[in-house]
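For reference, the structure is listed below as structure tokens.
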Amino acid sequence: MACKYRYVLGIQSFANQDSGACLVRFSEDGQEVDYVAISEERLIRRKFPYTFPVHSLAYCMERFGLTDLSQIDVLVSDFIRRKQWFRSGPAYNTSDFDYLKIKFDFDPAKIVQISHHMAHAAAAYYASGYESSAILIVDGNGSDLETTSFLVGEGTKISYVDTYRGRGIGAVYSAVTNWILGLGTGGEGKTMGLAPYGESHDKVLEINGVLDGIRNDFSSFMRRMPYSDILNQIDLAHRINPLHKDYPRASGKEQVQEPYFARVAFDVQAETERVMIHLGKELFARTKQPNVCVAGGVGLNSVANKLMFDASGFENIFAFPACSDAGIPFGLALWGYYNAEQFKHLPKRRISFGNAYTGRDYPQGEIDDVLDRNAVPSTRTTPDEVARLLSEGKIVGWFQGGSEYGPRSLGHRSILADSRRAEMRDIVNERVKHRETYRPFAPAVLLEDCAEYFDIDGDSPFMLLVADTKRPDLVPAVTHVDNTARVQTVTAHNNGVFYDLVAAFKRLTGVPVLMNTSFNDAGEPIVETPEDALICFSRTEMDYLVLGDRLIAAGDAVRAIGKTLFDQRAALIVRREAEITARFFPGGDKTERDAYVEAENRQAVWHTLYRAKYELERKVMEWAKERKRVLVVGTLDHTDALLRHIGGLATLTLTGIVAFAETEYPTGDAPALERLTRLDGAAIKAGDYDAILVSSHEFHYEILDLLDNAGLTDRAFSPYDNSSRSLIEAFQCLPSFKI
Ligand SMILES: [Fe+2]
């Protein structure tokens, strides 16, 4: 008898540059579990979409033959500021994404929300196959400002050990990438590639974070608040440069390679390595686990991963291939499978994740149809033939099976070349990838030969460990300027025909290494469909394209159809979007949508600028009425601004002011208020005050924690939440800003 299937969908609840979807299907008898996951950018052919993943949703449902949303048992989502599905945070920039959530024909009772870092952790841990593991999550910003988290996985349970809610190394790396190097959204990988070129120059970044436990505090280098808010997004005049110092900014691709900027990249990379080593050691000391899983955007820093692993006591490391937020839908859906209340009684099994091929398969018949329909000449080919072409210096586009999850191509959507030919690096950059020359290419190496060529003990199936090259003379095309390589190890079991190809190349040349880069043109997402591959092939100067077992030579026939295929695809995306939204998001209306977005955003601006003032003024009135004695705790500049601008505050009975320097965090292992002294030097006694006003903006969480440790939570009040701008900023903005 056929066993009944259950389905869990993972989708993020807020507009994200890496939106996508994952669907897990499992049988009630516990025998089967399968999944499909895809990033929206691959389907709409636009990087960093920030749109609701409607195409990904349909793609995942089609993979398992689902036609109706009611067939999905649970939707698991994360949250950014507040744990709620419909409004992702009070100062959040509402867009079409949020309107579609309202129209989404899905029972809200079946939606479960977990934290962003829990979703990162679930993706890495459940994919790792470990029975238990420490988990390190480091990214720019998660739920309620979490940026660094320690977790532990045991069996199918994952729990938090500690979390840090201040801007940490992830935000620093992004800020340097964007505000100094000008490498744009998602440019962090470029910064990493540029870093080795800066080593021989003088240090330029004044960056030295305070590392203490899980804390990686960069408040001396950059502002911690506000995080991105609506004003940063919709109103450039009120966009805030988060860096304290005015560093020179690179203008364009050429300038960024100058010694000064290369050194900037080097400095931020060095700091990242220092932080990751510290966090790795700290996590090991606190968990004593032999295994460690890494995820979050900083987990893509393959150089730092390897150094962290080597320096800490862990015996095994697993870095998730879709470390960045692209991997969140997978983590959400897997978390739901193992933890959702609805499935508690059902037997579970561990998933296998030997490769990152989470996309749907494209059978040879489907590929052949595309070729026939477009009259593209092709021949049947073999790994031996392709290996020969590569050995002759040809560039080959290589398309097999389901696409990879995450930013790295791992032998299913790859552009391949001969690793032995140093010139291939420049040739592929110029003829095909149209990208910066300083960016390295990665080697794909047979696992059994890896140790001979690279300083890696064990495997690196997802190209997330960087190691020294032992034989740079043999594989110059994949050796970076600092003699390292971002290695992908390949096995027959996990990589199938891609393994056969690398093995054939070894038989022919004696070298078990191919140069492997993602199958896309500059600025374009990695190709997903056979048509995408043909379009990319027709617009670049690769020599051959392999689609399954078909070999296509570059030439006029392919170039001639490129434009037609491109136009057809653009029309298809529009048509599909209309179909999917009509089916799964009924009743949408453009006028209603625009009105909704405008109203929500007005409210968000109010929240960002005015709410803290409103809350504080109400509190001051209450304190005045009740004749409360108030102690002010916070940084001096903010305290001063509140006293000058908030009516009635200065006339309250103020017990005193406890002030920190502007960028100084209150430190101490067992912080107690008694250790702090008033500005005038007088000691403070608990009986001296009835209420505490936390005036600090950047540090309000830390000070509230400090007061909590001292048992003073009941008396503490902060006008801020995780979405408001500081009142200093608000006082500056208010005169010029119209809601
Ligand atoms: Fe993240």
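The values are calculated or read from the model by the stated rules, or taken from the named source; none is laboratory data. Owing to the predicted nature of the structure, the values given are computational and were not obtained by experimental measurement. When we count neighbours, we look across all protein chains shown, and the Cβ atoms used for this are built from the backbone with ideal geometry, even at glycine.
For the reader, a short list of remarks on this structure follows.
- Residues considered: ARG439, ARG413. Of these, the only one that is modelled with pLDDT under 95 and within 28 Å of the chain's Cα centre (by Cα) is ARG439.
- Among the residues of segment 133-176, those identified as assigned to a loop (DSSP other than H, G, I, E, B) and surrounded by fewer than 24 Cβ atoms within 10 Å (Cβ to Cβ) are GLY140, ASN141, GLU146, GLY155, THR156, ARG165, GLY166.
- For segment 371-388, the candidate set comprises residues that are aliphatic (A, V, I, L, M) and surrounded by fewer than 19 Cβ atoms within 10 Å (Cβ to Cβ); within that set, the residue that is farthest from LEU534 (Cα to Cα) is ALA375.
- Hits in segment 330-355 - residues which are in a loop (DSSP other than H, G, I, E, B) and closer than 19 Å to GLU154 by Cβ: ALA340, LYS344, PRO347, LYS348, ARG349, ARG350, ILE351, PHE353
- Filter result (within 17 Å of ALA319 (Cα to Cα) and either within 16 Å of the ligand (Cβ to nearest atom) or modelled with pLDDT under 95 (or both)) within segment 145-157: THR148, SER149, PHE150, LEU151
- Scope segment 253-292; condition among the charged types (D, E, K, R) and within 20 Å of the chain's Cα centre (by Cα); matching residues: GLU271, GLU273
- The set of residues from segment 281-303 being away from the ligand (no atom under 16 Å from the Cβ) and either at pLDDT below 95 or among the hydrophobic types (A, V, I, L, M, F, W, C) (or both) comprises LEU283, PHE284, ALA285, VAL292, SER302, VAL303.
- Matching residues in segment 393-423 - criterion: being in contact with a Gly (Cβ under 7 Å, 6 or more places away or on another chain) and of a type in the set (A, V, I, L, M): ILE415
- Pairs, first touching a residue at least 40 places away in the same chain (Cβ under 8 Å) in segment 488-506, second among the basic types (Lys, Arg) and in a helix (DSSP H, G or I), C-beta under 9 Å, six or more apart: ALA504/ARG388; PHE505/ARG388
- Inside segment 218-237, residues that are under 21 Å from GLU702 (Cα atoms), among the charged types (D, E, K, R) and over 20 Å from the mean Cα position of the chain (by Cα) make up a count of 1.
- From SER220, SER251, SER302, residue being touching a His at 6+ places or on another chain (Cβ under 8 Å) and not hydrophobic (A, V, I, L, M, F, W, C): SER220
- Cβ pairs under 6 Å, 6+ apart, first in segment 1-21 and closer than 15 Å to GLY406 by Cα, second small (Gly, Ala, Ser): ASP18/SER324; ASP18/ALA326; GLY20/SER39; GLY20/SER56; ALA21/SER56
- With respect to the conditions (1) in a helix (DSSP H, G or I); (2) within 14 Å of the ligand (Cβ to nearest atom); (3) over 15 Å from GLY331 (Cα atoms), HIS120 lacks only one, and its number is (3).
- Residue in segment 321-344 that is surrounded by the fewest Cβ atoms within 10 Å (Cβ to Cβ), counting only those that are away from the ligand (no atom under 12 Å from the Cβ) and among the hydroxyl-bearing types (Ser, Thr, Tyr): TYR338
- Of all the residues in segment 128-144, those that are more than 16 Å from the ligand (Cβ to nearest atom) and either out of contact with any strand residue (DSSP E or B) (no Cβ under 6 Å at 6 or more places or on another chain) or among the acidic types (Asp, Glu) (or both) number 2.
- For segment 69-76, the condition of being among the aliphatic types (A, V, I, L, M) and within 16 Å of the ligand (Cβ to nearest atom) holds for at least one residue.
- Any hit, segment 23-39, residues being touching a His at 6+ places or on another chain (Cβ under 8 Å) and either surrounded by fewer than 19 Cβ atoms within 10 Å (Cβ to Cβ) or of a type in the set (Asp, Glu) (or both): no
- Test: residue in segment 81-96 that is modelled with pLDDT under 95, away from the ligand (no atom under 16 Å from the Cβ) and not in a loop (DSSP other than H, G, I, E, B): yes
- Counting only residues that are more than 25 Å from ASP78 (Cα to Cα), crowded, with 24+ Cβ neighbours inside 10 Å and in contact (Cβ under 8 Å) with a residue 60 or more places away in the chain, segment 286-304 holds 1 of them.
- Boolean, PHE48 is surrounded by fewer than 20 Cβ atoms within 10 Å (Cβ to Cβ), among the aromatic types (Phe, Trp, Tyr) and either modelled with pLDDT of 95 or more or part of a loop (DSSP other than H, G, I, E, B) (or both): yes
- PHE318 being part of a strand (DSSP E or B), away from the ligand (no atom under 16 Å from the Cβ) and either touching a residue at least 60 places away in the same chain (Cβ under 8 Å) or of a type in the set (A, V, I, L, M) (or both): yes
- Residue count for segment 492-501, restricted to those that are touching a helix residue (DSSP H, G or I) at 6+ places or on another chain (Cβ under 8 Å), hydrophobic (A, V, I, L, M, F, W, C) and closer than 22 Å to ILE552 by Cβ: 2
- Only residues that are part of a loop (DSSP other than H, G, I, E, B) and at pLDDT 85 or above were counted across segment 627-663, and they come to 9.
- Considering each residue of segment 389-407 in turn, at least one proves to be part of a helix (DSSP H, G or I) and surrounded by 19 or more Cβ atoms within 10 Å (Cβ to Cβ).
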